[in-house]
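A short worksheet on the structure shown next.
The values are calculated or read from the model by the stated rules, or taken from the named source; none is laboratory data. All values derive from a computational prediction rather than experimental measurement. Don't worry about glycine lacking a Cβ; one is built from the backbone with ideal geometry, like all the others, and counts go over all protein chains shown. Just the protein is used for accessible areas: all its heavy atoms, side chains included, with ligands, DNA and RNA removed. Shrake-Rupley method; radii C 1.70, N 1.55, O 1.52, S 1.80 Å.
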Amino acid sequence: QVQLVESGGGLVQPGGSLRLSCAASGSIFSMYAVGWYRRAPGKARELVATLSSGGSINYAASVKGRFTISRDNAKKTLYLQMNSLKPEDTAVYYCNAKYFQYDYWGQGTQVTVSS
C-alpha cells in the first residue's frame, strides 16, 4: 500500500513559478513509475508528466520546456517544477504511482494562475 500526499499548490501570477511535491509512504518508491496529472474545471483529467523507474520522462506538449518532473527516491518524494505558468495551467494537480497492477493517487493540490 502506498499513500501519496501532494503539497505546494497555491495562487500565482502568470509567468510565475511553483514547485509541487508528492510525499510517498509505504512500499519501495524507487520501483514505481510516477507522474503528475491535472484536471481543469469542466475538463477531463490529463497527463502532465511521467517518470519511469528507469528514468524515462514524458511531458505533455502543453508543458514541455516549462515544467520539470523529478524524484528523490531516498526521500520518497516526487516533484514538479512549474515555470512560466499560464492561466490555462489552472487545475487540481494529482500525483500518481504505478507498479504492475498497483495504481495509487494523491488527493490533489490546487494550482491557480491568475493576475
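In Å and whole numbers, how far do the C-alpha atoms of segment 1-105 stretch along each principal axis, longest first?
Principal-axis extents of the Cα atoms in segment 1-105, largest first: 37, 27, 23 Å.
PRE reach from Ser70 (point 7 Å along Cα→Cβ): which of segment 18-51 fall under 14 Å by backbone N?
It comes to 18-22, nothing else.
What accessible area per residue, rounded to a whole number of Å², is obtained for the chain using a probe radius of 1.4 Å?
Here the residues of the chain average 52 Å² of exposed surface.
Only Cα pairs within less than 10 Å get springs; with that Gaussian network setup on the chain, which residue of Lys76, Lys98, Lys43 has the largest fluctuation?
In this elastic network of the chain, the residue with the biggest mean-square fluctuation among Lys76, Lys98, Lys43 is Lys43.
Run down the lysines and flag those whose C-alpha is under 26 Å from the C-alpha of Lys43, throwing out any fewer than 8 positions away in its chain.
Filter leaves Lys64, Lys86, Lys98.
Taking the chain as a Gaussian network, Cα atoms linked when under 10 Å apart, which of Gly42, Gly15, Gly65 shows the biggest mean-square fluctuation?
Greatest mean-square fluctuation among the candidates belongs to Gly42.
Between Asp103 and Ser17, what length in nm is gained on full extension when 0.36 nm per residue of separation is reduced by their alpha carbon distance?
28.1 nm
Could you please state how large a percent of the accessible area of segment 72-115 is carbon and sulfur, counting protein chains only and using a 1.4 Å probe?
That share works out to 50 percent.
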